[in-house]
Every structure is written in C-alpha cells, then in structure tokens.
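Peer 1: A single structure is presented below for examination.
Values in this text are rule-based calculations from the coordinates and carry no lab data. These numbers come from a predicted model, not from an experiment. Cβ placement follows ideal geometry from the backbone for every residue including glycine, while neighbour counts extend to all protein chains displayed.
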Amino acid sequence: MASDPADDIAAALARLRGRRPRPPFPPDAHHHPHGGHGGGPWGRGAPPWADPARGRFGGPARLRLLDALVAASGPLSVSEIAEAVGVDQPRASRLVQQAEQMGLVAREPDPDDARRTRVRLTAEGEGLVSGFRGRRRDAVRSALESFTDAERAEFARLLAKFADAWPSD
C-alpha cells in the first residue's frame, strides 16, 4: 500500500524542524524573548504555549525532545537527546526534568552503565505526541487541498529528499 503524501510531508517537516539551529538569544531569553519590554506578539514574556507552568508542554525544543524519543528504537541518554534536539547537555537535562515532572517521560537505569540513566516516553507522553502528529497531519492535508494527487506525491517526494539532504550541523 502506498504511503499517504500528507504523512510523508508531515514527517519531512518534522525532520527539518529538528535540524534548525537555535537562534542566538540572550541567556534570559527563554523568559522574555523580546527583551521583556512587551514588544513581541505575545506582549510581555513568553508565548503561552511555551510555559509549562500553565499546564502546557510546548516550545520547539520540548516538542523535539518528544519527537526524538518517539523516533528512537529505545530509551536515550541525555547526551543523545541533546544531540537529537540540537541543544547543549545542560538544556537537554532541564528539558528532560520538565518532561519528567509532567509525567511525559521516565528515567530508568542504563543497563550498560549504572552511573547513567536513560529516558523513555511514558504512555502519557506517547499520547501527547500522537495528538501533535495528528494536528500536524491535518494541517498538511488542509494545505494540500488545492494540489492534485500527482502534485501531492511529487511534493512529498521532493520535500523528503530535501529534508534528508539538509545539513545536520
């Protein structure tokens, strides 16, 4: 059975999103991305989807963390997560800690090194990723409504080729 071009396009977009370099924000930018002066599209402070204190798990790095764990064949170390997400190890550790506090990931002992832990998705984390992927797929399908079947398939093929060739550094 042929794959759905919308699924292929959503997957390619997710691969590209995971390879974007982090913007050079000042150290406190995650609290006040627009300098704290109310000049950004969300007024003062971070956008609402980026605030775990509000009960949401959003933000590009947090979502890439969950995507990386879904894509992995098993639990990942914090170092592996840092590489997959495109952040430094301290930031990856904080992301894992936040996700763990929200019940989305769990740490388990590394069977090869008792000093290390590995991180895996919980059932709640898997459900959250599934919901995001469904919304992403729905958005892609909506954007493709004016495309013919042949155009959808060709766009999916070309975008996947582009995403696979995108530099990972």
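Peer 1: Starting from 0.36 nm per residue, how many nanometres of slack lie between S79 and L158 once their C-alpha separation is accounted for?
Peer 2: Fully extending the segment from S79 to L158 adds 25.3 nm.
Peer 1: Report the charge-dipole magnitude of the stretch 71-169 in Debye, nearest 20, computed about the Cα centre from +1 at each Lys and Arg Cβ and -1 at each Asp and Glu Cβ.
Peer 2: Approximately 220 debye in magnitude.
Peer 1: Using r as the Cβ-Cβ distance of D88 and R116, and R0 as 25 Å, what FRET efficiency do you calculate, to the nearest 0.05?
Peer 2: Computed FRET efficiency for D88 and R116: 0.90.
Peer 1: While we're here: Short version: ³J(HN,Hα) in whole Hz for each residue of the stretch 67-78, in order, from phi by Karplus 6.51 cos²θ - 1.76 cosθ + 1.60 (θ = phi - 60°), x for Gly and Pro, what are they?
Peer 2: Using θ = phi - 60°, the values come out as 4, 4, 5, 5, 6, 6, 7, x, x, 10, 7, 4 Hz.
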